[in-house]
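A.B. asks: Please see the structure below; I have some questions.
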Amino acid sequence: MPNSHDLQYDLHSHSIVSDGSLSPEDLVSRAAAQGVNVLALTDHDVTEGLSAARQAATEHGIHLVSGVEISVTWNGATVHILGLGIDEDNDELQKGLGELREFRAWRAREIARRLEKKGILDSYDGAIQYAKGALVSRTHFAHYLVETGRAKNVRDVFKKYLVKGKPGYVPGQWARLDDAVQWINAAGGQAVVAHPARYRLSATNLRKLLSEFKACGGVGLEVVSSAHSESDCITMGRYASQFELLASCGSDFHGPEQPWVELGRIPSLPEHCEPIWSGWN
Ligand code: AMP
Ligand code: MN
Ligand code: MN
Ligand code: MN
């Protein structure tokens, strides 16, 4: 893997294998066209897209970092942990991801059951139509609810139906933080806290999260993300330095239907940050 400031890194993206809308091949091709040199495919709780993405990357002359974004419940909140540079054939990792997908399958039935009580029928079949890959996400329900006129866009569906306190929200336990980090480390990867500003944690809780994350073997913080404002990036850059975490950057691209997010179109890391790729070769 090249290690240079001249390269364009995008270390967070999704394909149709989880809740993105492009195939792994089309994602890689789009990344190459956007000038990305190093792309991580980080589908939620699944690694099935990596081999096709890797092959496409070779064809396009760019570098593919094998990644995953693991759903974690920490302190009652859902937190996402990226694994970068993983060996996707690792059994411990795959066993953990498999359990998360089982929970997803159960949760999808439960979301549909709860929506049915609100008079929305067939949302399970509807969501499944959009779930072309290996798992069902709230995003797939959102697409179906938009299609059937329950809200005008995906963001509104979440607000109205799918977030905590709304009819289709299903509480549950994702992976434990220490387990997720352990699976990533067992697979030879680097664990990175994804889009830390999105959780709206208090400073005290964010510090608690980062200390625990480090203590269980996590090494990185996603300082730059499309989910972050400019000031979030500055704040998170400071946290990375304070906690001696390596800094990562990613668009969290899900598809061209969200034109405000584009592969590779992200600001540079703050100068003082040590990039996650500084040890890559
Ligand atoms: P899940 O992992 O199935 O619970 O779904 C989480 C996914 O839904 C995230 O990865 C986002 O892609 C998407 N998502 C979460 N919150 C929102 C929101 N408020 N608006 C639009 N998409 C969202
Ligand atoms: Mn997503
Ligand atoms: Mn995420
Ligand atoms: Mn993501």
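The values are calculated or read from the model by the stated rules, or taken from the named source; none is laboratory data. The model shown is predicted, which means the values in this text are computed figures rather than measured ones. Don't worry about glycine lacking a Cβ; one is built from the backbone with ideal geometry, like all the others, and counts go over all protein chains shown. Keep in mind that these areas ignore ligands, DNA and RNA; they rest on the heavy atoms of the full protein, side chains included. Shrake-Rupley method; radii C 1.70, N 1.55, O 1.52, S 1.80 Å.
A.B. asks: Treating only the Cβ of Lys, Arg, Asp and Glu as charged (+1, +1, -1, -1), what charge dipole size does the stretch 35-112 show about its Cα centre? Round to the nearest 20 debye.
C.D. replies: I would put it at about 280 debye.
A.B. asks: Ratio of alpha-carbon Rg to the 2.2 N^0.38 Å globular estimate for the chain, to two decimals, please. Numbers along the way, then the final one.
C.D. replies: Working: Rg = 18.1 Å, N = 281, 2.2 N^0.38 = 18.7 Å.
Output field value: 0.96.
A.B. asks: If you don't mind, there's one more thing I want to ask. Got a sec? Charge dipole of the stretch 1-117, +1 on Cβ for Lys and Arg, -1 for Asp and Glu; which of Ala40, Ile16, Ile111 is way out at the positive end?
C.D. replies: Comparing the listed Cα positions along the dipole, Ile111 ranks first.
A.B. asks: With every protein chain present, what accessible area does Glu244 have (1.4 Å probe, heavy atoms only), rounded to the nearest 10 Å²?
C.D. replies: 150
A.B. asks: Residue-wise, which Karplus ³J(HN,Hα) couplings in Hz belong to the stretch 98-108, taking 6.51 cos²θ - 1.76 cosθ + 1.60, θ = phi - 60°, and x for glycine or proline?
C.D. replies: x, 5, 5, 5, 5, 4, 4, 5, 5, 4, 4
A.B. asks: Can you give me the relative contact order of the stretch 51-99 as a percent, contacts being Cα pairs under 8 Å and 6 or more apart?
C.D. replies: On the way: 40 pairs, mean separation 13.2, N = 49.
With pairs under 8 Å counted, the relative contact order is 27 percent.
A.B. asks: Dipole magnitude of the stretch 179-281 about its Cα centre, charges +1 at Lys/Arg Cβ and -1 at Asp/Glu Cβ only, in debye to the nearest 20? It would help to have the intermediate numbers written out before the result.
C.D. replies: Working: 7 positive and 11 negative charges, 60 e Å.
Using only the charged Cβ atoms, the result is roughly 280 debye.
A.B. asks: For Asn205 and Arg176, compute 0.36 nm times the residue count separating them, minus their Cα-Cα distance, and round to one decimal in nm.
C.D. replies: Working: separation 29, 0.36 × 29 = 10.44 nm, distance 1.62 nm.
The Asn205-Arg176 span can extend by a further 8.8 nm.
A.B. asks: Once label points are set 7 Å from the Cα along Cα→Cβ at both Asn281 and Lys159, what is their separation, rounded to one decimal in nm?
C.D. replies: Calculated label separation equals 5.1 nm.
A.B. asks: Let me ask another. Could you derive backbone 3J(HN,Hα) for the stretch 235-246 from the dihedral phi with the Karplus parameters 6.51, -1.76 and 1.60 (θ = phi - 60°), listing whole Hz in sequence and x where the residue is Gly or Pro?
C.D. replies: My calculation for the stretch 235-246 gives 4, 5, x, 5, 4, 4, 5, 4, 8, 6, 9, 6 Hz in order.
A.B. asks: Would you work out what percent of the accessible area of the chain, with all protein chains in place, is carbon or sulfur (probe 1.4 Å)? Write out the running numbers ahead of the final one.
C.D. replies: Numbers: 5850 of 12570 Å².
After summing per-atom areas, the C and S share lands at 47 percent.
A.B. asks: Suppose all protein chains stay in the model; what accessible area per residue would a 1.4 Å probe give for the chain, in Å²? Kindly include the intermediate steps, with their values, before the conclusion.
C.D. replies: On the way: 12570 Å² over 281 residues.
Roughly 45 Å² per residue, with all protein chains present.
A.B. asks: Continuing with the same structure: Pop out the ³J(HN,Hα) list for the stretch 262-272 in order, Karplus 6.51 cos²θ - 1.76 cosθ + 1.60 with θ = phi - 60°, rounded to Hz; leave Gly and Pro as x.
C.D. replies: So the J values, rounded to whole Hz, are 9, 4, x, 8, 9, x, 6, 5, x, 3, 6.
A.B. asks: Take the chain, connect every pair of alpha-carbon atoms lying under 10 Å apart with a spring to form a Gaussian network, then pick out the residue of Trp174, Trp74, Trp183 with the largest mean-square fluctuation.
C.D. replies: Ranking Trp174, Trp74, Trp183 by mean-square fluctuation puts Trp74 first.
A.B. asks: Do you know the Lys pair count in the chain for C-alpha distances under 27 Å, with sequence separation 8 or more or different chains?
C.D. replies: Close lysine pairs under the 27 Å cut-off: 23.
A.B. asks: Can you give the charge dipole size of the chain about its Cα centre, rounded to the nearest 20 debye, using +1 on the beta carbon of Lys and Arg and -1 on the beta carbon of Asp and Glu? Walk me through the numbers on the way to the answer.
C.D. replies: Values: 28 positive and 35 negative charges, 320 e Å.
Using Cβ point charges on Lys, Arg, Asp and Glu, the chain gives about 1540 debye.
A.B. asks: Using helices alone, what [θ] at 222 nm do you get for the chain, with -39,500 (n - 2.57) per DSSP H run of 4 or more residues, divided over all residues and rounded to the nearest 500?
C.D. replies: Value at 222 nm, helices only: -11500 deg cm²/dmol.
A.B. asks: Shifting gears a bit: Of Arg238, Arg200, Arg138, which has the largest mean-square fluctuation in a 10 Å C-alpha GNM of the chain?
C.D. replies: Sorting by GNM fluctuation, first place goes to Arg200.
A.B. asks: Let me ask something else. Considering the options Leu145, Cys273, Asn205, tell which one lies farthest towards the positive end of the dipole of the stretch 139-275, charges being +1 on Lys and Arg and -1 on Asp and Glu at the Cβ, about the Cα centre.
C.D. replies: Going by the charge dipole, the pick is Leu145.
A.B. asks: If you don't mind, another one. Could you point to the residue in Val170, Gly220, Leu100 farthest towards the positive end of the chain's charge dipole, with +1 and -1 charges on the Cβ of Lys/Arg and Asp/Glu respectively?
C.D. replies: Of the candidates, Val170 comes out farthest on the positive side.
A.B. asks: So, one more: Taking 30 Å as R0, compute the FRET efficiency from the Cβ-Cβ separation of Glu257 and Ser229 and round it to 0.05. Walk me through the numbers on the way to the answer.
C.D. replies: On the way: r = 22 Å, r/R0 = 0.74.
Rounded to the nearest 0.05, the efficiency is 0.85.
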